[in-house]
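A.B. asks: Following this message is one structure expressed as structure tokens.
The values are calculated or read from the model by the stated rules, or taken from the named source; none is laboratory data. Note that the structure is a prediction, hence the values are computed from the model and not measured. Here Cβ is always computed from backbone atoms with ideal geometry, including for glycine, and neighbour counts include all displayed protein chains.
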Amino acid sequence: MLDKRISRSEFLALSSLLAGSTLFPSRGDAAPDGGVAPVRGAGKPASARPPDGGVTASAPPSQAEHAWLRRGCTASLAAGSTAEDGAEYVRIGEWMQRQKLSSDVYGSGDFVQAFEKRVADLLGFEDACFMPTGTMGQLIALRIQADASGVRTVGVHPSSHHVLHEDDSYAVLHQLRAVYLGPWTRPLLAEDVAQAKEALGTVSVELPVRWLGGQLPTWEQLTALKRACRERKVKLHMDGARLWESQPFYGRSYADICRGFDSVYVSFYKQVGGIGGAMLVGGRDFIRESRVWRHRHGGNLYQLAPYVASAAMRLDPALAAIPGYVKRAKALTALLAADPRVTVLPQPVQTNMFHVFLRGSPGAYTRQRDRIAREDKVWVAGGFGQTRVPGVVSTELQVGEGLGSLGDAEAARAFLRLLDAS
């Protein structure tokens, strides 16, 4: 019988992996759950069946059945919530009534603007503009900075959201050109900017790097990166989709972390748990122009208040919980990495998210995940992606409110049940 165990040294030796071109998905193929993207066309869901239709080997469960299974779980190791959406909408309305808040008109209103000011102050900037999506906010930031500098090149990490998940919008809509800086295997550093062979108008940095399992540069490396951009007169933008989770690693205020960036975007549905929306922060003139570009992008929703309320009512509790989530992630990854069949990236974990690599096939692990969900009521992974290493798959886990009262040892045991599929 084939030995399914894989040592860390063996895994790291397999074509220079854990990152780099071996895990580089084809454009548009990135798995929505954070696993490395599957081969194009593979794993298409079967036709939807009623939730009680059962799961058989010959008929893979549909997305609707997966959603039904997840809703039936009492704990989750994957990002997202098992809660019913309708209940969240009711909570938003009740919270607004308790706060005696009135709605806005196209983003103009005391409540929306007060929340913008609050986030700007938290991150150490003069002003902020609420955006319906992070993609919109980041495109606007890159466009304004390119127009100001007259240089339309944007330095990015090879795994940047701009180039993997936005259908080339930076190029198609704004005629910007991406320049890859540094290797996939580590975060973007000052030396990558200093050694760039092309003139750069802007550098966009993701903190933390999602496709590296939430890795971050050290404080000294981050400081050097800011200095390198300043010396080259390059604008520095932060893709802070998961910035909130980075604070425990640095042990500094959000304003300290953001100082030296010209603009920052943060998300309100990742980790915070809001129904959507993002914030773009920067200088007063920059934000004034951002509001014009939000209108040009069709982002001036008639009422933003429901999105803002969802973020505002969740932000403080979410930020207070993050240090505990990071602590639990460290304990959980130590338990998982103790099994020689499991490889965790990064190790030690730096935020509350991480990637896990296993030997086997995505289909087998998906079937076993669903079995665990039915039997143990634990959603142990969002999905599994085939890496470019034959026989190695990956999945992304995140410790958050979805884990609930499930203990670390229980969570590890539930996840390791996946290995029964191999």
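A.B. asks: Can you pull out every residue in the stretch 302-352 that is within 19 Å of Ala381 (Cα to Cα) and of a type in the set (Ser, Thr, Tyr)?
C.D. replies: Residues satisfying the conditions are Tyr325, Thr333, Thr343, Thr351.
A.B. asks: Continuing with the same structure: Scan the stretch 158-187 and report the pairs whose first residue is assigned by TED's automatic domain parsing to the domain that holds His297 and touching a residue at least 40 places away in the same chain (Cβ under 8 Å) and whose second residue is part of a helix (DSSP H, G or I) and among the acidic types (Asp, Glu), with Cβ atoms within less than 9 Å and a gap of 6+ or a chain change.
C.D. replies: The qualifying pairs are Pro183/Asp192.
A.B. asks: Tally time: how many residues in the stretch 378-422 are in a loop (DSSP other than H, G, I, E, B) and over 22 Å from the mean Cα position of the chain (by Cα)?
C.D. replies: Going through the stretch 378-422 one residue at a time, the tally reaches 7.
A.B. asks: Quick one: in the stretch 354-373, of everything that is touching a helix residue (DSSP H, G or I) at 6+ places or on another chain (Cβ under 7 Å) and farther than 19 Å from Arg388 by Cβ, which residue is surrounded by the fewest Cβ atoms within 10 Å (Cβ to Cβ)?
C.D. replies: Arg367
A.B. asks: A further question on this structure: Sort out which residues of the stretch 335-344 are of a type outside the set (Asp, Glu) and either more than 20 Å from Leu403 (Cα to Cα) or out of contact with any helix residue (DSSP H, G or I) (no Cβ under 9 Å at 6 or more places or on another chain) (or both), and write them in order of number.
C.D. replies: Ala338, Pro340, Arg341, Val342, Thr343
A.B. asks: Pull up the stretch 265-287, narrow it to residues that are more than 17 Å from Gly107 (Cα to Cα) and within 13 Å of the chain's Cα centre (by Cα), then point me to the one that is surrounded by the most Cβ atoms within 10 Å (Cβ to Cβ).
C.D. replies: Filtering the stretch 265-287 for residues that are more than 17 Å from Gly107 (Cα to Cα) and within 13 Å of the chain's Cα centre (by Cα), the one surrounded by the most Cβ atoms within 10 Å (Cβ to Cβ) comes out as Val266.
A.B. asks: State all residues of the stretch 388-411 that are touching a helix residue (DSSP H, G or I) at 6+ places or on another chain (Cβ under 7 Å) and surrounded by 22 or more Cβ atoms within 10 Å (Cβ to Cβ); if no residue qualifies, say none.
C.D. replies: Residues satisfying the conditions are Val393, Val399, Gly400, Leu403, Ala411.
A.B. asks: Moving to a separate point now. Give Leu332, Leu336, Leu358, Leu304 a once-over and let me know the one that is over 14 Å from Leu418 (Cα atoms) and modelled with pLDDT of 95 or more.
C.D. replies: Leu332
A.B. asks: Could I ask something else about it? Which numbered condition trips up Arg143, out of (1) in a helix (DSSP H, G or I); (2) surrounded by 21 or more Cβ atoms within 10 Å (Cβ to Cβ); (3) in contact with a strand residue (DSSP E or B) (Cβ under 7 Å, 6 or more places away or on another chain)?
C.D. replies: (3)
A.B. asks: Count, please, the residues in the stretch 324-362 that happen to be under 19 Å from the mean Cα position of the chain (by Cα) and among the hydrophobic types (A, V, I, L, M, F, W, C).
C.D. replies: Adding up the residues that qualify gives 9.
A.B. asks: Further question on the same structure: Given the conditions (1) touching a strand residue (DSSP E or B) at 6+ places or on another chain (Cβ under 9 Å); (2) modelled with pLDDT of 95 or more; (3) among the hydroxyl-bearing types (Ser, Thr, Tyr), report the number of the one that Ser169 does not fulfil.
C.D. replies: (1)
A.B. asks: Right, here's the next one. Of all residues in the stretch 407-422, which are more than 19 Å from Pro340 (Cβ to Cβ) and at pLDDT below 95?
C.D. replies: Passing the criteria: none in range.
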